[in-house]
Every structure is written in C-alpha cells, then in structure tokens.
Amino acid sequence: MQPYRHIGACLAVAVVLFGTVARADDATPSKGGVALELNAADLVGEACRITFVATNTGTAPIDRAVYETVLFGADGAVMMLTLFDFGALPAGVPRVRQFQIADTACGRIGSLLINGAGTCTVDDAASDACTKGLATSSRLNIALQG
C-alpha cells in the first residue's frame with residue numbers, strides 16, 4: 001500500500017506546481033505588437049499579388065501601419081524596396097491585405113524583409129506599436145522576416 005501513498009503525494013505536489021505556474025502566467029502582462037503572416041502569392045497577369053494576414057495583438061487600435069519592405073530574389077539579391085500600407089489595424093481583429101508587385105513573377109521572390117515601419121500611428125500620434133513585438137511567419141516557401 002505504500003506505493004499508492006507516494007503516488008497521491010506526487011499528484012498533490014503536481015497540482016500545487018501546475019497551479020502556481022498557471023497563476024504566474026496569468027500575472028504576466030501580454031505583450032502587444034503586430035503579427036504578420038505571408039499567406040499567399042498568386043500571379044495576376046504579369047504581377048505577383050501577395051496576401052498578408054495582419055493582426056494587431058495590442059490593446060489599442062493602430063490608425064495606420066505602413067511597412068518598409070525589402071524583396072529579395074531567389075538568389076538572395078535585393079530586388080526592390082517598397083512600402084506596404086496596411087491601413088488601420090483594430091486591436092485583436094485579423095485583417096487581410098493584398099499588394100501587387102508589377103512585372104514580377106512570384107517564383108522570382110525568395111524572401112521578404114520587414115525593414116521597419118515608415119508610418120505607425122495610434123491615436124493620431126507616432127507610435128512604435130508596429131515594430132515593437134513584431135512577429136512574422138509565412139505559409140509559403142517565401143520566407144518573411146521582421
């Protein structure tokens with residue numbers, strides 16, 4: 001019967017430890033920022049239309065987010081530097097944004113780099129909400145870095 005007593009004691013310790021971990025996680029403030037996912041790239045005529053899913057993970061709505069983006073070719077060379085205007089990003093609500101890159105086949109793009117925010121406003125004032133806590137991901141074989 002002694003083994004069962006040890007199992008009970010272990011379960012009691014586990015419950016206390018997991019409860020403590022859960023409370024510590026609840027007390028940790030959530031970090032805001034923007035999550036950008038490269039979701040699709042489609043050839044439309046002679047242009048590559050890239051689709052992003054953007055989510056403002058902060059608590060305040062972003063009035064306007066414009067990202068300076070660098071496109072690299074499959075060989076790693078810089079193809080172009082451009083601005084992508086994501087517009088308004090409400091807090092906690094995903095938004096889909098599409099951009100067309102003229103005279104560019106999607107297969108030529110090797111990766112994209114979010115080089116920074118050219119414009120980021122919250123409550124009509126400049127903010128770092130667009131770059132602080134920026135998280136990038138890609139569903140494609142085209143990498144997205146931030």
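The values are calculated or read from the model by the stated rules, or taken from the named source; none is laboratory data. Because the structure is a prediction, the values reported are computed rather than measured. Glycine gets a Cβ as well: all are built from the backbone with ideal geometry, and neighbour counts include every protein chain shown. Keep in mind that these areas ignore ligands, DNA and RNA; they rest on the heavy atoms of the full protein, side chains included. Shrake-Rupley method; radii C 1.70, N 1.55, O 1.52, S 1.80 Å.
Elements of the type strands (runs of 3 or more DSSP E) sitting completely within the range 38-146 and holding at least 2 residues that are of a type in the set (S, T, N, Q) and on the phi < 0 side of the Ramachandran plot: these cover 47-56, 95-101, 109-122, 135-138.
Open to solvent by less than 10 Å² (accessible area, probe 1.4 Å), touching a residue at least 60 places away in the same chain (Cβ under 8 Å) and either over 27 Å from GLY133 (Cβ atoms) or among the hydroxyl-bearing types (Ser, Thr, Tyr) (or both): which single residue out of CYS106, CYS48 fits that description?
Numbers: CYS106 fails: open to solvent by less than 10 Å² (accessible area, probe 1.4 Å).
Just a single option satisfies the conditions, and that option is CYS48.
Every residue, every condition in (1) over 13 Å from ALA35 (Cα atoms); (2) within 20 Å of the chain's Cα centre (by Cα); (3) buried (at least 16 other Cβ atoms within 10 Å of the Cβ), yes or no:
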| site | (1), (2), (3) |
| --- | --- |
| GLY73 | yes, no, no |
| GLY76 | yes, no, no |
| GLY87 | yes, yes, no |
| PRO90 | no, yes, no |
| VAL96 | no, yes, no |
| ALA125 | yes, no, no |
| LEU134 | no, yes, yes |
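Only one of the numbered conditions (1) modelled with pLDDT under 95; (2) open to solvent by less than 50 Å² (accessible area, probe 1.4 Å) is not met by SER111, and that is (1).
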